[in-house]
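Notes follow the structure.
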Amino acid sequence: MKRSVWNRWNACWLGLIIVCYGLLSILISTGIMNNIYVTVLMGIGINIILAVSLNLIIGITGQFSLGHAGFMCIGAYASGVMMKQFSSSITGVLLGMLIGMLISAVVALLVAGPTLRLKGDYLAIATLGFGEIIRIVVLNLDITNGAAGLILQKVVNWPIIYLFVVLSLVIVVNFGISAKGRACLAIREDEVAAEAMGINTTKYKIEAFVIGAIIASVAGSLYAGSFYVIKPDMFTFTKSIDILVIVVFGGMGSVTGSVIAATAIGFINIFLQQFAEIRMIAYGLALVCIMIFRPGGLLSTKEFTFTGLWKWMKKRRVKA
């Protein structure tokens, strides 16, 4: 009986994924969403991948990281260099994605060991420094063309990004509800108590950090294949803050919140394109307002589930 219930909810999620894809396809094919909005849609998809990967580190495990742009940079340049080798084909993007994932995993393991023993502001400063180190290394390599960056062709379309968004959400959500995810939640709530219960806190923090880094690298590879230029100054501290704003805005620990926040901020950016100078000021004001009126973000740690929706509908029927 339990197995059939799970299959029913899985079927609901699959149906939602297909319906969303169908609606977007109709809007694009009929011209309701023009090329500008398709580009925004692709940017939103990449930001969703980045946000859920950072939420895995910050929201689920409780480790404050400011070096996420560094892993995105690794994935972007790995795919960018491979695209140059394969005449800007999708093969170059995918091969570069695999290379970027491998490099990000190794770098994350090297960084996670010493840095994740730190806490709070010290951890944030350490990861911030790490992100800047990656950017400086990329800036001084000949293969990356230094500060001039790489000029690429667009070979990734929105269905490919949609596929990777779904895969990223499935990975993060399933990690969160797994035994390892529950261990990470225990670490987030009280690391000392988690250690007293026999949880290997260092091990689980490193695992979450590595998975988040790999997913961020995937987002970087998709970015390289979606837009025409990548430069080291695209992956500065500001980019890490952009991702952090999405996570905080949606709710640290809420994957649903990250999706909603990334979508909302993506469309807000359309209206702020003519005011690029005040974009960070607007983000700062938005964060202040969120902290005042919704300290936990839009959804805090809540998630949308079909089980919860079904219970809510049953309560409504009883009241009616």
What is the percent carbon and sulfur in the accessible area of the range 49-153, measuring with a 1.4 Å probe over the protein chains and ignoring ligands? 70
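Which of Lys84/Lys231; Lys119/Lys239; Lys180/Lys205; Lys84/Lys239; Lys119/Lys302 have a Cα-Cα distance over 18 Å?
Working: Lys84/Lys231 15 Å; Lys119/Lys239 22 Å; Lys180/Lys205 10 Å; Lys84/Lys239 25 Å; Lys119/Lys302 25 Å.
In this structure, Lys119/Lys239; Lys84/Lys239; Lys119/Lys302 lie more than 18 Å apart at Cα.
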Test of understanding: in a Gaussian network model of the chain with alpha carbons linked when under 10 Å, which of Ile103, Ile199, Ile260 would top the mean-square fluctuation ranking? Ile199
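If you take every residue apart from Ile125 with its C-beta less than 15 Å away from the C-beta of Ile125, what net charge results, scoring Lys and Arg +1 and Asp and Glu -1? Don't skip to the answer; put the middle values down first.
Details: positive: Arg117, Lys119; negative: Asp121, Glu132.
Here the count lands on 0.
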Estimated distance in nm for a label pair at Ala147 and Val170, the labels positioned 7 Å out from Cα along Cα-to-Cβ: 4.4
Zone reached by a paramagnetic label modelled 7 Å from Leu163 Cα along Cα→Cβ, restricted to the range 44-59 with backbone N below 14 Å, covers none
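Which of the chymotrypsin sites (Phe, Trp or Tyr not before Pro) across the range 200-246 are loop residues per DSSP, with 16 or fewer other Cβ within 10 Å? Working shown, then result.
Details: sites: Tyr204, Phe209, Tyr223, Phe227, Tyr228, Phe235, Phe237; in loops: Phe227, Tyr228, Phe235.
Passing both the DSSP loop test and the Cβ count: Tyr228.
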At what distance in angstrom do the alpha carbon centres of the range 204-256 and the range 146-175 lie from each other? 11
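The values are calculated or read from the model by the stated rules, or taken from the named source; none is laboratory data. In this text the structure is predicted, and so the values were computed from the model without any measurement. Heads up, the Cβs are rebuilt from the backbone with ideal geometry, glycines too, and the neighbour counts pull from every protein chain shown. Accessible surface is based on the protein model in full, side chains and every heavy atom, while ligands, DNA and RNA are left aside. Shrake-Rupley method; radii C 1.70, N 1.55, O 1.52, S 1.80 Å.
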